[in-house]
Amino acid sequence: PESITVQELANRMAVRGADVIKCLMRLGVMASINQNIDADTAELVVTEFGHNMKRVSEADVLVGLEGDVDTDENLISRPPVVTIMGHVDHGKTSLLDALRETDVVSGEAGGITQHIGAYQVTMSTGGKITFIDTPGHEAFTAMRARGAKVTDIVVLVVAADDGIMPQTVEAIRHARAAQVPIIVAINKIDKPEANSNKVRQELLQHELVTEDLGGDVLAIEVSAKKRLNLEKLEEAILLQAEILDLKANPERVGQGVVIEAKMEKGRGSVATVLVQKGTLKVGDVFVAGAEWGRVRALVDDHGASIKEAGPSTPVEVLGLQGTPSAGDDFIAVEDEARAREIAGYRQRMDREAKAKLEQRGTLEEMFTAI
Ligand code: GTP
Ligand code: MG
């Protein structure tokens, strides 16, 4: 379904979010700044502001994909995308590293790995899980919010010697806002001061009732350091994934989200992309946020060059003309002309919004100077 957040709509019209909210209220729609509204409501708002709406940009891309509708028969099972969240230093990255060591594929490849913050682990059973790491430091709220949005399941890491801390609570909130199930990994149980019962009690206060207390939240006691119960955690993830019955159509054009993007010496702009639908192929022309490019190379999480990447695959994409932002959408389009058109439109919108902001800045300065 086509939709847009209130903030995004305000940005595109270069007006204040509060004004859009007021306008929506007049139309009888109660929405907060981050809430999604559908294309028809957006159109009403746009007309109210005296603009003519052409369904360009995002909507345009989607229109370009009409006829590409997924039916039951072209939807097939895909690996779950799991985001690891939790308070700083509770052991998220250590746990991921430990889980990666169980990866039979990386074992075969001699453990040559490349850290891209997103990996796919293949288990001995053949099952696959895609993991995304997030930072626990309080400064990275936006990254956590994005992490919760692109995922199917959140693994909440809580150190058994520290318990529920501010960013643990924040992670719970992000997961709830994104309506994503939570599996708790009670980590560092090897420590003498570990108290997993205390953690369970604290979880209760945040309405996460673990199985042993009569609820339905899976909580696994693990140690990333001593590699304890990692298989149990993987089993819990696969069990949850089975319930979610995750599917995607690999037969359409690649579409996904930018996890991170940066300029790299000798490689140009490199984006780590999570493919969510379809299959992304070398040679594909794409738009990522306000940038575009042609896929020159795809690099998997083992540093190997691959020809294509299907649903739930994290992959590094080379061949961008500029550097998109984390959280930007990523979609293959029919040709370069189309890619330039969409990217150009988005860049223009960004510039206009920025100019309006700066203008307002100077007006405010004028008033405060008086
Ligand atoms: P941020 O990304 O900064 O939020 O931290 P993090 O959650 O990724 O924690 P990280 O994996 O970096 O681990 C923090 C510290 O805890 C390191 O010193 C780890 O060695 C230690 N640690 C992680 N897991 C365990 C564990 O199971 N037992 C013990 N004893 N120490 C652990
Ligand atoms: Mg970390």
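The values are calculated or read from the model by the stated rules, or taken from the named source; none is laboratory data. None of these values were measured; they are calculated from a predicted model. Cβ: placed from backbone, ideal geometry, glycine included. Neighbour counts: every protein chain shown. Remember, those area values only see protein heavy atoms, side chains included, never the ligands or the DNA or RNA. Shrake-Rupley method; radii C 1.70, N 1.55, O 1.52, S 1.80 Å.
Descriptive notes on the structure:
- In Å², nearest 10: area of D212 left accessible to a 1.4 Å probe: 90 Å²
- Loop sites here are GluC sites (Glu not before Pro) outside DSSP states H, G, I, E and B with no more than 16 other Cβ atoms within 10 Å. The longest part of the chain free of them is 67-192.
- In Å², nearest 10: area of R176 left accessible to a 1.4 Å probe: 110 Å²
- Heavy-atom accessible area ranking, 1.4 Å probe, most first, across S3, S312: S3, S312
- Hits among lysines - C-alpha to C-alpha of K232 under 30 Å, sequence gap 8 or more where chains match: K92, K128, K149, K188, K191, K198, K247, K277
- GNM top mover of V29, V282, V222 - the chain, alpha-carbon springs below 10 Å: V29
- Accessible heavy-atom area order of F49, F330, highest first, probe of 1.4 Å: F49, F330
- Rounded percent of accessible protein surface that carbon and sulfur make up, the chain, 1.4 Å probe: 50 percent
- Beta bridges from DSSP with both residues in the chain: antiparallel share about 70 percent, rounded to the nearest 5.
- Largest-first principal axis extents, alpha carbons of the chain, Å: 64, 50, 44
- Span-like helix ranges in the chain, DSSP H, alpha carbon extent 18 angstrom or more, Kyte mean at least 0.5: 230-244
- Sequence-distant contacts, meaning Cα pairs under 8 Å at least 6 residues apart, place the relative contact order of the chain at 15 percent.
- Taking all protein chains together, H90, H302, H206 sort by accessible area into H206, H302, H90, largest first [probe 1.4 Å].
- Using a probe of 1.4 Å, the accessible surface attributed to K128 totals some 90 Å² when neighbouring protein chains are kept in position.
- Accessible area per residue for segment 211-316, computed on protein heavy atoms with a 1.4 Å probe, is 46 Å².
- Euclidean distance of C-alpha centroids, segment 159-201 and segment 211-273, integer Å: 17 Å
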